[in-house]
1. Tell me which residues, restricted to segment 146-162, are part of a strand (DSSP E or B) and either outside the structural domain of Gly119 (by TED's automatic domain parsing) or more than 26 Å from Glu186 (Cβ to Cβ) (or both).
2. Check Glu171, Glu103 and return the single one that is charged (D, E, K, R), surrounded by 13 or more Cβ atoms within 10 Å (Cβ to Cβ) and at pLDDT below 95.
3. Looking only at residues that are exposed (fewer than 10 other Cβ atoms within 10 Å of the Cβ) and more than 21 Å from the chain's Cα centre (by Cα) in segment 30-57, which one is nearest to Lys177 (Cα to Cα)?
4. For segment 27-48, enumerate the residues that are hydroxyl-bearing (Ser, Thr, Tyr) and outside any helix (DSSP H, G or I).
5. Would you mind finding the one in Val176, Val165 that is within 21 Å of Val56 (Cβ to Cβ), at pLDDT 50 or above and outside the structural domain of Glu60 (by TED's automatic domain parsing)?
Amino acid sequence: MSDLDHEPVSSPSGEVPAADGPVGQVAMSPDTASLLGLIDRLGSLLERSDLDEIEVEAGETGIVLRKPAALITVATTSSLNPTGAGMEAAGGTGATAAAGAAEPAPASTTRFVRAPLTGIYYATSSPGSPPYVSVGQNIAVGHVIGLIEAMKLFNEIKSDQAGRVVRIVAESGKLVKAKQPLIEIEP
């Protein structure tokens with residue numbers, strides 16, 4: 001029997017070593033290989049673009065890729081944020097190239113009402129009408145704080161917290177991402 005005729009030997013975990021890889025290297029699953037290929041393609045796309053960051057989410061998996069200059073900005077922002085807010089990994093698999101998000105750091109007693117989906121945020125129901133919320137206003141759980149247009153549908157965004165509005169973070173008519181702060185509330 002020659003070297004080409006033998007069966008691959010599996011490791012104690014049941015994985016088969018890669019045929020063309022170095023000795024001791026374990027073959028990766030097709031899903032892992034596909035994910036790593038996607039990360040490589042996104043990285044090269046990021047390098048060729050004017051973007052500082054690419055964020056992708058699919059199910060419970062999320063990934064954030066940032067250019068080195070953007071990482072310096074995030075690190076500076078994070079060092080100013082003693083609570084570490086926004087430093088969690090993006091998804092269930094923990095596949096992040098660089099964890100962290102640049103978001104306003106809340107004061108010790110304030111909390112954010114966050115966008116439940118990605119879309120265009122509107123602070124009023126129509127041009128010329130009063131805003132749903134204003135700074136200093138007391139709101140209750142379930143109070144409508146704005147609209148988010150996604151896929152040509154307008155979704156009412158309701159507060160999941162009660163308190164006094166300290167600051168309106170999101171800008172009307174601008175894109176907001178899911179989980180991005182919309183308003184800051186003091187309980």
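1. Listed by number, the residues that qualify are Glu149, Ala150, Leu153, Phe154.
2. Being charged (D, E, K, R), surrounded by 13 or more Cβ atoms within 10 Å (Cβ to Cβ) and at pLDDT below 95 holds for just one of Glu171, Glu103, which is Glu103.
3. Among those residues, the one meeting the criterion is Arg48.
4. Ser29
5. Residue meeting the stated conditions: Val176.
Table: residues versus (1) modelled with pLDDT of 90 or more; (2) out of contact with any Leu (no Cβ under 8 Å at 6 or more places or on another chain); (3) surrounded by 13 or more Cβ atoms within 10 Å (Cβ to Cβ).
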{"position": "Ala99", "(1), (2), (3)": "no, yes, yes"}
{"position": "Gly136", "(1), (2), (3)": "yes, yes, no"}
{"position": "His143", "(1), (2), (3)": "yes, yes, yes"}
{"position": "Ile148", "(1), (2), (3)": "yes, no, yes"}
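The values are calculated or read from the model by the stated rules, or taken from the named source; none is laboratory data. Remember, predicted model here, so these are calculated numbers, not experimental data. Glycine also receives a Cβ, built like all others from the backbone with ideal geometry; neighbour counts cover every protein chain displayed.
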